[in-house]
Amino acid sequence: MTNHLVFCAFTVLALTCCLQFQAHASPSGSLIEHLSSLLKWRRSNSKTPQSDGNVLQFENGYVVETVVEGNDIGVVPHRIRVSAEYGELFAVDAINSNIVQITPPLSQYSRGRLVAGSFQGCTGHVDGKPSDSRFNHPKGITVDDKGNVYVADTQNLAIRKIGDAGVTTIAGGKSNVAGYRDGPSEDAKFSNDFDVVYVRPICSLLVIDRGNAALRQIILNQEDCNYQSSSISITDVLTVVGAVLVVYATYRFQQGFGSSFIPKTEYAEFYGSTEVPSYATSKSLKQRSKHRQREKVGHLLLEGVGAEKKPVKKRKNQLR
C-alpha cells in the first residue's frame, strides 16, 4: 500500500512539472510521452529476477575421496597430465613455479619428485639444467610419447620443454609484452592466458590461446610422437617363459609315449605280411624280441648241420 501511495504522489508531481514546462506546447503529446516513460520505468523496477531453476539427476555408485593432500607433499597442483608410457603423473605448481612428478598409486604416503624449477618458489626465466631452471607461475603442462614435458610458462609468455637436453624454450619468451604473432619460435607471441595440449595423430602441440581467442599449432619432431620404449616389460618376459614351458612340456610328452608307437615296418617284418594289425591286437615288444632270437638260433643250427635234401623226382622215361 505504501509503495502505491509513493508512486501516485510521484506521478502527480511529475505531471505538475510537465505542465509548467510545457505550458506553451501541445499538452496532449507531452503528457503521453511522460506517462509512457513513467510506466516503462515502473514496469522495469517492479520486475523481480526469476531463476530458471536447476534440474539435477545424480548417478549412484560414485564416491569422492581425498588421496593426496597438497600441503603434505609440498605441492599445489594447478594442472596434471599423465605419461602415456609409464602412467606417471606430472603436475604443474603455479604457486611455487615448479614441475613435480608423482608415481601412482596415490595415497597419503605419496611424495612428489621435483622435475624442474624450485621448491622454494623462486621465479624467473632460466633454461639449462632442470634443478637450476626457473619458471614464472606456469599453468599448463602436457607430455608426448617419448616422455618430453611441455610447460605453458604463462607469466614468461613462453612454452618450455623438459627433455634429455634439459630445459629449453621452444616458442615465445623473447619479449615480456603479451601479443599475438605467429612465426619462428623466437618471434612468436602469446597472451598471458594460454595452455598446451599434446595431440598424437598430428604430432603437434596445440596452444589454447584464450587471451587471443585462438587455437595455435606447433609441429613436433616425428621421433617424439612414434617413440617405442626399448626396455623389456614383465609381460614380455612372462610371454617368453610361457612359450618355453609349452615347448618343453610338448617334448616331454612325446618322449614319454613315443616308445609305444611302433613303426609299421617292424610289424610287417614280424608278421611276415604287409598287412599290419592294429595296436590293440599286436604282440608286445618283448615277445617280438624272443621270436627274433629263436629265429637266429634256428638259422645257426641249419648252417651247422646242413640244409635238408629235397627229394629227386623221377623222369617219365625212366619209369617206362
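Here, each number is a calculation from the coordinates, and none is a lab measurement. The structure displayed is predicted, hence computed values, not measured ones. FYI the Cβ positions are ideal-geometry reconstructions off the backbone, even for glycines, and counts take in every protein chain you see.
Fewest neighbouring Cβ atoms within 10 Å first, the residues VAL55, VAL197 line up as VAL55, VAL197. For GLY112, nonlocal amide neighbours, meaning residues 5 or more places apart or on other chains whose placed amide H falls under 5 Å from its own, do not occur.
Per-residue packing, averaged as other Cβ atoms within 10 Å, sorts the ranges 214-222, 129-137 into the order 129-137, 214-222, beginning with the highest. Rounded to whole numbers, the Karplus 3J(HN,Hα) couplings from phi for the range 124-137 are x, 10, 10, 9, x, 4, x, 5, 9, 6, 9, 10, 10, 6 Hz, using 6.51 cos²θ - 1.76 cosθ + 1.60 with θ = phi - 60°, and x at Gly and Pro. Taking the Cβ of SER107 as the centre, find all other residues whose Cβ is under 13 Å away and add up their charges (Lys, Arg: +1; Asp, Glu: -1). Here the count lands on -2.
Around the Cα centre of the range 124-208, unit charges on the Cβ atoms of Lys, Arg, Asp and Glu (plus for the first two, minus for the last two) sum to a dipole of about 80 debye.
Residue-wise HN-Hα couplings along the range 138-155, as the Karplus relation 6.51 cos²θ - 1.76 cosθ + 1.60 with θ = phi - 60° gives them from phi, are x, 10, x, 7, 7, 9, 8, 5, 7, x, 5, 9, 10, 10, 8, 7, 4, 6 Hz; Gly and Pro carry x.
For ASN212, the residues whose amide H sits under 5 Å from its own are SER191, ignoring neighbours fewer than 5 places away on the same chain, with H placed 1.01 Å from N.
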